[in-house]
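Structure, as structure tokens:
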Amino acid sequence: MASTLPPSSPQAPAHPSWPITDTVFAVLLVTLIWAIAGIRWVAPDLVVPWDSKLQFYAFWRFLADAWQAGDWPTWSPYQYAGLPFVADPQSLFFDPVFHVAAWAGLKPSLRTFDTLVYLHVLIGGLGMIGLVRLMGGHALGAILAAVVFMLGGSVMARLNHTGLVISYGLLPLALLLLWFALRRRSLVASVGFGVVAAMMVVGRNQVAYLAALLLVGAALAEVVRAKAPGRYLLSRLPHFLLMAIVGAGLLAVPVLLTVQLAHMSNRPSFDYALAMAGSLFPVNLATLFVPDVFQSMDDQRYFGPHAPTRPWVDTTDRTINYLFLGTVPILLIWWHGVAGGRLWQPGRRFVTVALILALAYALGRFGGLLPVIYDWFPGIKLYRRPADATFIAGALAALVAGLLLSDFIRDGAPSLKRWPLAAAVIALVAILTSAVWFATRSGETATASLAIALALVVIGAASALLFVARSPEGRLVVAVAAIVLTSAELIVRNTGNTMNAEPRSNYAVLEAPTGVDALTLTALESELAARHAAGDRPRVEILGLGGAWQNVAMTRRIEALNGYNPLRLADMELLVEPGQNSHDARLRAFPRAFAGFGSDLAKLYGLGYVLTDRPLADLPQGAPQPPAVLKSAAPGQLLQAIEGAIPRVRLAPQVVRYQRPQVFEDRQLPGPPTLGSTWIEAETLLTDPYASPPPPVAPDQRQARIARYGLDEIIISARTDVPAILVLTDPFYPGWRVTVNGERRPLLRADVLFRGVELPPGDHEVRFQYRPFSSENLAAALSLLGKRQPAPLELDSQMKPPQGFPPAYP
């Protein structure tokens, strides 16, 4: 590669000096390294674990199955009795990659899902090549930046956080298009930026939020550093307007739907204490230099900052705390960048400042930035873990490392500056000393000291390599060696390890159940099919069968009362408390309103089966449990039927008025439910009187049955001889509307939590339809903007720990 680089300048060169062959070589080599790293999962039949499968794979499986069945996957009845799938920011509904894969007929397997997510990482790596090129770097520097971006730090340690990884992967491409649009005055790039930025932000997670702030800062920096900022801004105004129109047009609907869900969810915002508990503890910076200083690769021996070692403050874990980017990249940043002053060269100061701010944000209460801005900066309170900013810091560090390697190829090692050198040395000594101190408190002094000693040997060898290269040819050789070393180091240390890989067989129940799992699910599905054929739709709770079972209902189309999702409807969470950790039966709370599976509220929800690892009477919380009929039994898998469930749809000729606020204050239903009556809020206007119970009638004069139960449409045939409320015990939620014989009727909130509609005497076809994209629903969501969100929920289970659970549980 014979690229000749211009000196660094305040403005990146208008025409980078790379030949097209260098770009092709960089793209091919980066893709090859990406593919080799992927073999670390494919060859031993590993998959990305935890949330990647328990939540995101199950969501994509639901999405793909729905499209292939001809349904609109906007509402999911398969977890928590029903949730607005389209409004869930983690549902992948607005990510086109997953829709295209579903429409293309790709088998929604675990491996396919991992490949689609991992593809976003490659997109980011290729975007890094463009960024380094645009900023006047060398092709070898671009390759290093891409490798570090794809395989370094948080992206590999937290590959299971699918939404964060997707947003992270699109950041370099968005930044590249932004700079290209402004520097080349390209309207096409402006449109491209709007599309890519919207795809990045639509994940509506903290990485997307921080990445959006980074893009805003990058645009402002371009204006500020221009010779005539006012004239520059005016000349780029059409480009900014086009970006805003495209981005806002694509984001408006997803954001409005999420705002609507947030106002009705269990976690509209997070209080200061919870947010600060997710701060990156400063001693974790040691993993930048010594990846195994806290035994991060060993889930049994890890002793770094997390709940067992710092239970009073930390809600982080070994994956969140792992930052290793490679020895050469961190050496370039510490030596050439900090001690040599190259971080502050013109043209890259914005990146350097952004890197410092991202790291300060990640440190949370220790970094000094977040406590100052928490109460007044928009959006901060929506997220609970400032350590997520390590994704942004890692991306910026990868870019900086690539630029510094480019400097080295061109100019060699820098002359060291006294005070920056002193600061770099003092900071490194302080970081490593704090790691030893922390290890000593955990009784692991020898472990940490040995890891540091070995790391210092590697750092010393890399330093000698960078120091001895004097000639331009020698520096090119060293740069190639740096790429090889970094790629090998990151592939060996960061991929296919216990932080991001588990045997595929651990999640077989989500993809293709075998053995006992298959027999149990067959028994359950046979029971449900028979009940459905009889016109009944009982719900199921799956409890205590381990992590992989938590969202089996979404992959098998089972209407469940629980599941695995951090977002749940607030009303249900307050009264039912299904929680999100159904893998362990000991975590199932039974609040006052739902005091056992035989409670009135369980009957109202139509709970007909509990699939769990023990008899109901052996649940440790102490709540009274009903008699159950054992339908199937396998080791640790008991399918038990519960009698007395109220039908999913019924006619209620009698109305009982109640005060809604009182129900949630008392955490109790207004009274025992009956088949012939329903609770309606005192303020609700009804057209007919329902005060007196109707006279007895023949069975065929008053009946309701479900004719079709789809994801976004439910059709009910009803006959009544008197005015009645038809009650459907599915969650009341905005966007649902109801018609009776084709005529729109008001949707009622019946029995506190559910849907209802008034029916006059006669035969009726009732249609409940979910229309989240209607102008009516979007206008209702728009009216919530700017309104104060509810406070985080205070649940009964927060007031007392579950009985029978080990007190050491964090």
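Would you please put 592-604, 554-566 in order of how densely packed they are, using the mean number of other Cβ atoms within 10 angstrom per residue and starting with the highest? Mind showing how you got there, number by number?
Working: 592-604: 20.8, 554-566: 22.6.
Highest mean packing first, the order is 554-566, 592-604.
Classify the range 112-194 as rounded, prolate or oblate, taking a ≥ b ≥ c as the square roots of the eigenvalues of its Cα gyration tensor: rounded when a/c is under 1.5, otherwise prolate if a/b is larger than b/c and oblate if not.
oblate
If I model a spin label as a point 7 Å beyond the Cα along the Cα-Cβ vector, how far apart are those points for ALA307 and LYS381 in nm?
Result: 2.6 nm between the two label points.
With every protein chain present, what is the per residue accessible area of the chain (1.4 Å probe, Å²)?
Accessible area per residue: 39 Å².
Given contacts defined as C-alpha pairs under 8 Å and at least six residues apart, what's the relative contact order of the chain, whole-number percent?
Details: 1507 pairs, mean separation 118.8, N = 810.
Result for the chain is 15 percent.
Would you please put 51-59, 471-479 in order of how densely packed they are, using the mean number of other Cβ atoms within 10 angstrom per residue and starting with the highest? Before the final figure, lay out each step's value.
On the way: 51-59: 25.2, 471-479: 15.8.
Per-residue Cβ counts within 10 Å, averaged per peptide and sorted highest first, yield 51-59, 471-479.
Mind checking the full-extension length gain between ALA530 and ARG614? Use 0.36 nm per residue of separation minus the Cα-Cα distance, one decimal, nm. Let's see the in-between values first.
Numbers: separation 84, 0.36 × 84 = 30.24 nm, distance 2.45 nm.
Contour length minus the Cα-Cα distance gives 27.8 nm.
Using only Cα atoms, find the angle between the long axis of helix 206-224 and the longest principal axis of the chain, and express it within 0 to 90 degrees, rounded to the nearest 10.
Long axis of 206-224 versus the principal axis of the chain: about 50 degrees.
If you stretched the chain out fully between LEU456 and VAL223, how much longer would it get, using 0.36 nm times the residue separation minus the C-alpha to C-alpha distance?
On the way: separation 233, 0.36 × 233 = 83.88 nm, distance 4.26 nm.
Gain on extension, LEU456 to VAL223, equals 79.6 nm.
Share of the range 636-704's accessible area from carbon and sulfur, percent, 1.4 Å?
Values: 2030 of 3640 Å².
C and S fraction of accessible area: 56 percent.
Relative to a virtual label point 7 Å from the Cα of LEU675 in the Cα→beta-carbon direction, which members of the range 525-562 show backbone nitrogen distances below 14 Å?
536
How much length would be gained if the chain were fully extended between VAL97 and ALA780, taking 0.36 nm per residue of separation minus their Cα-Cα distance, in nm to one decimal? Walk me through the intermediate numbers first.
Working: separation 683, 0.36 × 683 = 245.88 nm, distance 2.95 nm.
Between VAL97 and ALA780, full extension yields an extra 242.9 nm.
In nm, to one decimal, how far is the modelled label at VAL492 from the one at GLN769, with both set 7 Å along Cα→Cβ?
My value for the distance between the label points is 6.2 nm.
Give the calculated FRET efficiency between ASP666 and LEU28 to the nearest 0.05, with a Förster radius of 60 Å applied to their Cβ-Cβ distance.
Working: r = 66 Å, r/R0 = 1.11.
So, using R0 = 60 Å, E works out to roughly 0.35.
Taking the mean number of other Cβ atoms within 10 Å as a proxy for protection, how do you rank 634-646, 138-150 from highest to lowest? Provide the component values of the computation, followed by the final result.
Working: 634-646: 17.1, 138-150: 30.3.
Output ranking for 634-646, 138-150: 138-150, 634-646.
In the range 448-564, if the dipole is taken from +1 on Lys/Arg beta carbons and -1 on Asp/Glu beta carbons about the Cα centre, which of HIS532, LEU521, ALA548 is farthest to the positive end?
About the Cα centre, the residue reaching furthest to the positive side is ALA548.
How far, in degrees from 0 to 90, does helix 472-494 lean away from the longest principal axis of the Cα atoms of the chain, to the nearest 10?
The angle comes out near 30 degrees.
Give me the dipole magnitude in Debye, nearest 20, for the range 580-649 about the Cα centre, with unit charges on the beta carbon: positive for Lys and Arg, negative for Asp and Glu. Intermediate results must be reported in sequence, preceding the final value.
Details: 7 positive and 5 negative charges, 24 e Å.
Roughly 120 debye, rounded to the nearest 20.
Between ILE356 and LEU519, what is the spin-label point distance in nm, taking each point 7 Å from the Cα along the Cα→C-beta axis?
So the label points at ILE356 and LEU519 sit 6.5 nm apart.
Where the centroid of each part is defined by its Cα atoms, how far is the range 205-264 from the range 457-536 in Å?
Value for the Cα centre distance between the two parts: 33 Å.
Determine the share of the range 471-530's accessible area contributed by carbon and sulfur atoms, expressed in whole percent, with a 1.4 angstrom probe.
Details: 1690 of 2460 Å².
Answer for the range 471-530 is 69 percent, counting heavy atoms of protein chains only.
Using a probe of 1.4 angstrom, how much of the accessible area of the range 384-447 is carbon and sulfur, in percent?
Values: 1700 of 2620 Å².
The C+S portion of the solvent-accessible surface of the range 384-447 is 65 percent.
Roughly how tilted is helix 139-151, in degrees to the nearest 10 and between 0 and 90, from the longest Cα axis of the chain?
Result, in degrees: 30.
So for the chain: antiparallel DSSP bridges make up what percent, rounded to the nearest 5?
Beta bridges within the chain, antiparallel portion: roughly 80 percent.
Is there a quick way to get the dipole size of the chain? I mean about its Cα centre, with the Cβ of Lys and Arg at +1 and of Asp and Glu at -1; what is the value in debye to the nearest 20? Intermediate results must be reported in sequence, preceding the final value.
Working: 65 positive and 56 negative charges, 472 e Å.
Charge dipole, the chain, about its Cα centre: 2260 debye, nearest 20.
Add -39500 (n - 2.57) for each DSSP H run of 4 or more in the chain, then divide by its residues: what number comes out at 222 nm, to the nearest 500 deg cm²/dmol? Mind showing how you got there, number by number?
On the way: 26 runs with 356 residues, N = 810.
Calculated at 222 nm, the ellipticity per residue is -14000 deg cm²/dmol.
The values are calculated or read from the model by the stated rules, or taken from the named source; none is laboratory data. Model, not experiment: these values are computed from the prediction. No Cβ is skipped: glycine too gets one built from the backbone with ideal geometry, and neighbour counts run over all protein chains shown. Quick note on the areas: whole protein, heavy atoms, side chains included, nothing else; ligands and nucleic acids left out. Shrake-Rupley method; radii C 1.70, N 1.55, O 1.52, S 1.80 Å.
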